[in-house]
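Reviewing the structure listed below.
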C-alpha cells in the first residue's frame, strides 16, 4: 500500500509538506518514513509510532496539531 492510498489522515498530512511550520516538518518526515502507519488507526496509533521512533515532545505536539486540523477540515 502506498502512502497516497493509506489512512485519510496520512493522505491529508502528506499534502501539508509544503508548509513552513511543525506540521510541514512532520509531513516531510512521514513522507520519508518507510514504516509510517498505513492502516486505519487513531491518533494513538500515530503517536505510538512517533514514540517508538524516538520522537520528542515537539513532534508529538505537531502530530496533535495536525490531527486537530485534519478533524476540523473533515467536518
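Just so you know, all these numbers are worked out from the coordinates, no wet-lab data involved. Everything numeric here is computed off the predicted structure, so don't read it as measured data. FYI the Cβ positions are ideal-geometry reconstructions off the backbone, even for glycines, and counts take in every protein chain you see.
Right, residue 69: in contact with a helix residue (DSSP H, G or I) (Cβ under 9 Å, 6 or more places away or on another chain), in contact (Cβ under 8 Å) with a residue 12 or more places away in the chain and exposed (fewer than 13 other Cβ atoms within 10 Å of the Cβ) or not? Quick ask: steps written out before the conclusion?
Values: in contact with a helix residue (DSSP H, G or I) (Cβ under 9 Å, 6 or more places away or on another chain): yes; in contact (Cβ under 8 Å) with a residue 12 or more places away in the chain: yes; exposed (fewer than 13 other Cβ atoms within 10 Å of the Cβ): no.
Taking the combined requirement at face value, the residue does not satisfy it.
So if I check each of 36, 12, which one is under 15 Å from residue 71 (Cα atoms), in contact (Cβ under 8 Å) with a residue 24 or more places away in the chain and surrounded by 11 or more Cβ atoms within 10 Å (Cβ to Cβ)? Steps first, please.
Values: 36 fails: under 15 Å from residue 71 (Cα atoms).
Testing whether each residue is under 15 Å from residue 71 (Cα atoms), in contact (Cβ under 8 Å) with a residue 24 or more places away in the chain and surrounded by 11 or more Cβ atoms within 10 Å (Cβ to Cβ) leaves just 12.
Considering only the range 40-60, how many residues are more than 11 Å from the chain's Cα centre (by Cα) and within 18 Å of residue 21 (Cα to Cα)?
Of the residues in that region, 4 qualify.
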